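What follows is a short report on a single structure.
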Amino acid sequence: MIDPHNLPKHVAIIMDGNGRWAAQKNLPRIAGHRRGIQSVREIVTFSRKLGIEALTLFAFSNENWNRPAPEISQLMMLLERYLKQELKTMMENEIRFRTIGQIERLPSSVLRMIRSVEEKTEKNKRMTLILALSYGGRAEMVDAVRRMMEEFQEEKISIKDLDETLFSRYLYTQEIPDPDLMIRTSGEVRISNFLLWQLAYTELYFTKTFWPDFRRKDFLLALLDYQGRERRFGLVTEQVSHPGIPRKEGSPGTSVKRLLEDLQGGEEREF
Ligand code: FPP
């Protein structure tokens, strides 16, 4: 049973294993990325239907710039096409699109597309989709410190103002609340420079499933696992009387089977 009142507000995902998925099938790596986009589409619309408020997807890391040039350009092409094709879905579903990362490093046509989708979806309020692009957690913190130092020099802030709240305002994520749940696919059990500051109290979930195979059922299993966790934020059990603690008998819930039946009909589209 999934408890609709205890869903994570913000889910972050490291979408890993596209290359291995393709290799297993003797396909080129790009085939894995293409299939991975189908998982992206499915998880985005499913999250929206479930009422999740924010979904952050790690789509391209700072380290990914070191991949072979053809793979980078194929990924950029897929990203541009994804944004072009998904704008309609984002508008229909009232999804706001944002990015985090050093996006100025992306090719200009991709950057233009990002700016355009960000602008067009700016007023959408039902869910925020955040793509981490050209993103690295350490770079994010260094960028934050650089901006703070500039503002310090300009006497806009003083040392006594500095606390965790102020610091977090200089991160790419700014007003986005920290993730409640972070999922990583493909069996790797690492954070890999993803949201280093923001994951401080996030529940972590690792699955062996490769990203191109990660679909609604797998997502629900992650949510179920999350609902069995007790989130204490450094307190003791008696102090935390809310979500995370397993539900009492008879409290409202929807079975996974039922949810999947209700939500049938997400069409598959080839990329
Ligand atoms: C990890 O698989 C995945 C990536 C580096 C990129 C993720 C990109 C997509 C899902 C497609 C583009 C995304 C959007 C939102 C348009 P990997 O290549 O590292 O796999 P491996 O570890 O098995 O080699």
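The values are calculated or read from the model by the stated rules, or taken from the named source; none is laboratory data. Given the structure is predicted, the values throughout are model-derived calculations rather than measurements. Because the Cβ atoms are built from the backbone with ideal geometry, glycine has one as well, and the counts that use them run over all protein chains shown.
Descriptive notes on the structure:
- Residues of segment 103-124 include none that is closer than 28 Å to Pro177 by Cβ and in contact (Cβ under 8 Å) with a residue 60 or more places away in the chain.
- The set of residues from segment 38-93 being of a type in the set (Val, Ile, Thr) and closer than 25 Å to Gln198 by Cα comprises Val40, Ile43, Val44, Thr45, Ile52, Thr56.
- Residue satisfying all of: in segment 43-62; within 16 Å of Asn18 (Cα to Cα) and not small (Gly, Ala, Ser); surrounded by the fewest Cβ atoms within 10 Å (Cβ to Cβ) among these: Leu57
- Ile183 satisfies every condition listed in (1) among the β-branched types (Val, Ile, Thr); (2) away from the ligand (no atom under 14 Å from the Cβ); (3) in contact (Cβ under 8 Å) with a residue 40 or more places away in the chain except (2).
- Against the test of being of a type outside the set (Gly, Ala, Ser) and under 29 Å from Lys49 (Cα atoms), the options Lys156, Lys120, Lys160 yield a single qualifying residue, Lys120.
- The residues of segment 1-19 that are within 15 Å of the ligand (Cβ to nearest atom) and under 18 Å from Asp218 (Cα atoms), listed by number, are Val11, Ala12, Ile13, Ile14, Met15, Asp16, Gly17, Asn18.
- If you filter segment 195-210 down to residues that are within 16 Å of the ligand (Cβ to nearest atom) and part of a loop (DSSP other than H, G, I, E, B), you find that the one that is surrounded by the fewest Cβ atoms within 10 Å (Cβ to Cβ) is Lys208.
- None of Ser241, Ser192, Ser186 is at pLDDT 95 or above, assigned to a loop (DSSP other than H, G, I, E, B) and exposed (fewer than 15 other Cβ atoms within 10 Å of the Cβ) except Ser192.
- Helices (runs of 4 or more DSSP H) wholly inside segment 67-154 containing at least 2 residues that are surrounded by 18 or more Cβ atoms within 10 Å (Cβ to Cβ) and away from the ligand (no atom under 16 Å from the Cβ): 137-153
- Within segment 128-180, tally of residues that are in contact (Cβ under 8 Å) with a residue 60 or more places away in the chain, touching a strand residue (DSSP E or B) at 6+ places or on another chain (Cβ under 9 Å) and of a type outside the set (A, V, I, L, M): 10
- Unmet requirement for Ala22, which otherwise passes all of (1) within 11 Å of the ligand (Cβ to nearest atom); (2) surrounded by fewer than 20 Cβ atoms within 10 Å (Cβ to Cβ): (2)
- Residue that is farthest from Glu71 (Cα to Cα) [pool: residues in segment 25-50 that are among the polar types (S, T, N, Q) and more than 10 Å from the ligand (Cβ to nearest atom)]: Ser47
- Leu57 meets the conditions (1) near the ligand (Cβ under 10 Å from one of its atoms); (2) over 20 Å from Pro177 (Cβ atoms); (3) outside any helix (DSSP H, G or I) in every case but one. The failed one is (2).
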